[in-house]
Amino acid sequence: MRKIKHKDKAKKWLIAGSVIVVIVMLLFIGQYVFTQWMEHKLEKMVQQQSDGVYELDLYGFETSPFIGSVSVDSLKLTPDYERWKQLKQQNKEVSRMLLNLKADAVTISRLSFFKMLFRKNVDLERLEVRQPYLLMTAMIQDTTATHKPLHETAKGFLLNMHIGQLNVTGANVRFREAAKSETEIFTLNEFDLTVTDYRLDSASFQNNNRTYYSQNIELNAKKATFNIPDEYFKITTDSLNISTNRKDFSARNLQLIPTLGSAAALSKAKGRAATYIKITVPNVTANGIDFSAHSKYNNLEANHILIQSPDITAFKDKKHFKDKGIKPLPHDIAQSIKAQFRIDTIRLRSGFARFEVLDEKATETGYIYFSGLNGSLTNITNKPERISRENPAVIRASALIMGKTKMEATVNLPLLDKKGYHTLKGSVASGQPQMLNPILVPTNFIKIDKGYVQSISFNATLNQERATGSMRALYDNLEIELLSTGASSGDDQGLGKKILSKAADWFIIEDSNPGKKGGSPRIADIKVTRKKNRSVLTYWKDCLASGLMVSMGLEKMAEKEFQ
């Protein structure tokens, strides 16, 4: 009996083991068949749904439908640019953008195959992509004033897509405007991206606590480059960090760099006198950014931006190239931007700026620089309910002229004023005016030999056409030379000009203000006709130069130069 029982148990275990082995084999075969089927299904589906524009290649594709995992050793999504052109010529609907994607490895966790196969939507817990390279090509220029939200244009498997968490590491992205273009509009290098709880549906879009359909987005890039649309300048940064939850942004070593090697090359390419400018900012931070408003309405809104230790150098050659075209006022720029924007405060700390110009009749380059540059811009917006003449955007700035004398200025800018109305006021502290000779001699052909400025205060009202105002400049023992055109000093001009210059100093130029001890100071009128082919900074500078010339008794010279 015992032998029979042992035989029965052994037989049962043998049967059970055989069943388990068969089940395991069936599962293994089923998984293998399913994996092969799924791989070919995905590749074929991409080709069919894109009408032959895209080809998907999966390498090392593995899947486990029971636990909802998918992994790929590498993948390639390759666009067929010629096929896209054929469809476009046949007046078929084509996408504006084509993507070329390569990735070393992709891992998907907790994917619901049931929803994907039968409900036609993607729902997964985690997606990891390692070292992807993405090339985006804009095949058609975007002329659409407003765009439909992504959830309204999504089709197929993208509809109501949900990804619990997306992790992208070591990624590189390039964006260009044409298939054969060698210049990218922007690039992001070696960046990591984390997206939490992405839901492509209307509820997610409308939720003010979500941004770009996500609960949070974190981006950390080692390097970024953006080419200005005219392709003459580019912006680069050594690091870029964005967090939608914290509502902040930061960049290190932000630079504005010309793409051409010299000022002459830039002016020649533009066909006019162009400013060759370089800007370096070690650190830029922004907080209170409303990413949700941008994702819904394309608005730009932020509470505070801090620009630390900017270094600005600019050079303009007006001797060999002419100023052409109309330069915009800040009002023109603000009113040309279709999307609404609001920045409460921009602060600038410890900046340096140097401006150089080779004047039309000069023999040498003139220059002026400002150190210890600090300032703020407040209420920068194009929202009508937030800005007016009574509540304008305000620029406040202070700096040391030539590193010596403090200057302060305030500009009130109602940016939506159609006539470009704004006001300028400020002051200059005491100092030696001879420090301005490096800019006065080559550009205005005036040389200050000696004198002392006690203080200068000024104010002006400006618009698109002209500026008027007043200046009170208090100074003593001023002696100046009126130089011949092209002369770099009094020694370079002829005897006749020297005599006229000395006579002007004796009989025309006011050597002190007040003229008599205990007398009332003279108030000079500022009268400037705007030169529309020059920048707003030149417009403001002309106001100061006009007041100074009139203060010194050179009314006729100021009238000829600025009216």
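The amide H of R534, built 1.01 Å from its N in the peptide plane, has K327 as neighbours under 5 Å, considering only residues 5 or more places off or on other chains.
For H147, the solvent-accessible surface computed with a 1.4 Å probe is close to 120 Å², ligands and nucleic acids excluded. Remark: the stretch 162-267 carries 49 Å² of accessible area per residue (probe radius 1.4 Å; ligands, DNA and RNA excluded). Here's how it looks for R126: its modeled amide H is under 5 Å from those of S109, G164, Q165, which are all 5 or more places away or on a different chain.
Could you give the distance between the Cα centres of the stretch 316-331 and the stretch 356-381, to the whole Å? Cα centroid of the stretch 316-331 versus Cα centroid of the stretch 356-381: 14 Å apart. Take every pair of alpha-carbon atoms less than 8 Å apart whose residues are at least six positions apart; their mean separation over the length of the stretch 270-372 yields a relative contact order of 30 percent. The largest-to-smallest principal axis extents of the Cα set in the stretch 127-259 are 44, 32, 28 Å.
Calculated accessible area for the stretch 279-392 comes out at 51 Å² per residue, all protein chains present (probe 1.4 Å; ligands, DNA, RNA ignored).
Simple spin-label estimate for T378 and N303 gives 1.6 nm between the two label positions (7 Å along the Cα-to-Cβ direction from each Cα). The packing ranking of peptides 407-416, 335-344, highest mean first, is 407-416, 335-344, where packing means the average number of other beta carbon atoms within 10 angstrom of each residue. In the complete set of protein chains, residue-level accessible area for V195 is approximately 10 Å², probe 1.4 angstrom.
Measuring only protein heavy atoms, the 1.4 Å probe finds H40 accessible over about 110 Å². For the cross-link pairs K318/K418; K327/K541; K222/K316, the ones whose C-alpha atoms lie over 22 Å apart are K318/K418; K222/K316.
Global size of the stretch 220-301: 15.9, 46 Å for Rg and Dmax (C-alpha atoms, Rg to one decimal, Dmax whole).
The values are calculated or read from the model by the stated rules, or taken from the named source; none is laboratory data. Because the structure is predicted, anything quoted here is derived from the model rather than measured. In this analysis, Cβ positions are derived from the backbone assuming ideal geometry, glycine residues included, and neighbour counts consider all displayed protein chains. Protein only, heavy atoms only, side chains kept; ligands, DNA and RNA dropped before computing areas. Shrake-Rupley method; radii C 1.70, N 1.55, O 1.52, S 1.80 Å.
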